[in-house]
Structures are given as structure tokens and as C-alpha cells.
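Worksheet: the structure to be examined is printed underneath.
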Amino acid sequence: EGRVVYANYGELADLQTLQNEEYKVNLNGSVVLMRAGKISMAQKVMNVAKMGAVAALIYPDPADYRTSEDIELYGHVHLGSGDPYTPGFPSFNHTQFPPAKSSGLPGILAQTITTDMARKIFAKMGGNIAPDNFKGVFSSYKLGSETDKVAVSVSNNLVDTKIHNVFGVIKGYVDPDRYVVIGAQRDSLSWGYAKSAVGTTLLLELARVFTELKKDGFKPKRSIVFASWTAGDFGNVGVTEWLEGYWSSLDRKAFTYISLDGVVTGVGSFRASASPLLHTLLQNTLKKSKA
């Protein structure tokens, strides 16, 4: 339980605004109400935890999300990647390593709430009127007063769940122990499923096309690995655990990685980013393509 404070998106700039000479809001011991967006839930929670907050509530503001007011968002608050209870080593064999816990896990309670619940909290909050850039579409946005109290109780059950990456391989004919990995995230927690669906669709189609090419006599110099990663929206767990489990061999044998995540974004133009070693390849490939 603590004083409820509204902190916009929970970005560092928002927290600095709360603490300036005009508002002088002390977050120590507070329950911080934030709207989803701009930065990850993990970053929001970590930011307010560093300021002394005891709990974080995150809601979808109608200004940012067109959803039903009784629907909560889903996400994770691990500021890191992979299994948070096996940091730095693979989770598929717990017996080899001592129990550990990622430093990226928050030390405070964190919970998503519905738009309707957030609206009811705002209706009872007093204190200073929030800055204009803190406002969404609710009729009232106040920062909260010393007497505004909220009690947060979280009773989530921690359950171990098996996850599965899926691989397909076309063996190289000249250098089979070196490989190009083409990967895509397979899962989505809620909104954003188009990203994983498009990436997975392209991955499957590429695998089909290369299989047909192989039947027609195509012989890749290096092996091609098609990887479908699971638990991406839980902190890139699938790909991180694979990297941690096979890092010693990947460092020597993996030639390059091509990500299909977010390959179609609707911006109307082609964009690509890569490590410096691939810049020339990208440029030469674009020169050969027909606009």
C-alpha cells in the first residue's frame, strides 16, 4: 500500500518532471500509475523502483490503445533476455548450474490493470493537475495527493513451462559446418501478432522455396538453418537460451544471422540494418534489385 502517483509513461523525463520545482513529487513508498507505451514495461518498472516506489500499475490509455476498457495488457517486467532464473547459462539443464536470479528482475510489485480500473483511480485522485504531455483522453489527469492511497496485491503463480524452438536445416556441400541462420519469432502475447505471423510466414515460405531449389540441383556452399523462436515476447527466451547453450560452437561456426521479425512494417519503403561486415553485401544486393 502507498500513495498513488501518476507518472505518464514512466520514462526518465517523466519522473524528472514530477520531481522538478513545480511539482516536487516524492516517489519513495508510492504506488506509481503509468500508461503503457513508449518504453517497455520492464523499463517502466525498473525506473520507478530506482526512485523508491513500492509497486507499479500499468494500463492502456485510450489515447494510445483502441481496446475494450475491460481488457488488460500482457507483458513481462524482466529487464533482460532469456530465462530470468538461469542468467548467463542455458535453462535446458538446471542440474549443471547453481540456482540464480537475474539482476533484471524488479524488486517491487508490478501489475497491469484495465482502462476502466485506471479511469476509476483517476476519478478519485487529487493533487496537481498533470502537465499537458501527461494527458490522454480521460476527463481528469491529476498527479495524486498525499492522502490518495492504493493497496496492491499480486498473487501470480510461478509455473515452469516447456518451450520449443523449431529448426529446419539444408546441409551445405562445401562447408557444411559453417551455417547461415534465418530466424523469426513465433509467439505474441497480445497485440503485435502481425509481426510474428508475417515473420513466421516468410520463414516457412523461404524454407519451402529453398527445398524446391535443392530438388532442382541447388547446392548451398554453407548450411542454411531455418529457426522458429519461441517465447520472444517473454524476453526473447527461446533464442537467448539457444545462444547460451551453444555459444562456444556458434562463435566458430555461425556465419551470419538474418532476422525476419518486423520484416513488413507498413512504412512504404525498404529499410535494413546490419553489422558493418554486411553493409557492402546489402548495398550490392540493392544495386542489383529492380525498383
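The values are calculated or read from the model by the stated rules, or taken from the named source; none is laboratory data. Predicted model only: the values in this text are computed from it and were never measured. Note: ideal-geometry Cβ built from the backbone for every residue, glycine included; neighbour counts use all protein chains shown.
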* In region 1-21, how many residues are closer than 15 Å to residue 144 by Cβ, part of a loop (DSSP other than H, G, I, E, B) and of a type in the set (D, E, K, R)? -> 1
* Residue within region 247-254 that is under 30 Å from residue 41 (Cβ atoms) and buried (at least 18 other Cβ atoms within 10 Å of the Cβ) present -> no
* To do: Just one of (1) among the small types (Gly, Ala, Ser); (2) out of contact with any helix residue (DSSP H, G or I) (no Cβ under 8 Å at 6 or more places or on another chain); (3) surrounded by 11 or more Cβ atoms within 10 Å (Cβ to Cβ); (4) over 30 Å from residue 203 (Cα atoms) trips up residue 155, so point out which.
  => (3)
* Asked: Is it the case that some residue within region 211-220 is aromatic (Phe, Trp, Tyr), touching a Gly at 6+ places or on another chain (Cβ under 8 Å), over 24 Å from residue 161 (Cβ atoms) and not in a helix (DSSP H, G or I)?
  -> no
* Asked: Hey, does region 94-101 have a residue that's of a type outside the set (A, V, I, L, M), more than 23 Å from residue 58 (Cα to Cα) and touching a residue at least 12 places away in the same chain (Cβ under 8 Å)?
  -> yes
* Structure fact -> Considering region 1-53, residues that are basic (Lys, Arg) and under 17 Å from the mean Cα position of the chain (by Cα), and then whichever is surrounded by the most Cβ atoms within 10 Å (Cβ to Cβ), we arrive at 44
* Structure fact -> Over region 262-276, the set of residues in a loop (DSSP other than H, G, I, E, B) and without any contact (Cβ under 8 Å) to a residue 24 or more places away in the chain is 265, 266, 267, 268, 269, 270, 271, 272, 273, 274, 275
* To do: Scan region 64-86 and report the pairs whose first residue is under 27 Å from residue 133 (Cα atoms) and whose second residue is outside any loop (DSSP other than H, G, I, E, B) and of a type in the set (Lys, Arg), with Cβ atoms within less than 7 Å and a gap of 6+ or a chain change.
  => 64/35
* Which of the residues belonging to region 247-261 are out of contact with any strand residue (DSSP E or B) (no Cβ under 9 Å at 6 or more places or on another chain) and either in contact (Cβ under 8 Å) with a residue 12 or more places away in the chain or aromatic (Phe, Trp, Tyr) (or both)? -> 247
* Select, from 223, 196, 228, the only residue that is closer than 26 Å to residue 78 by Cα, of a type in the set (S, T, N, Q), in a strand (DSSP E or B) and not assigned by TED's automatic domain parsing to the domain that holds residue 76. => 228
* Structure fact -> Taking region 22-34 and keeping residues part of a loop (DSSP other than H, G, I, E, B) and hydroxyl-bearing (Ser, Thr, Tyr) leaves 23
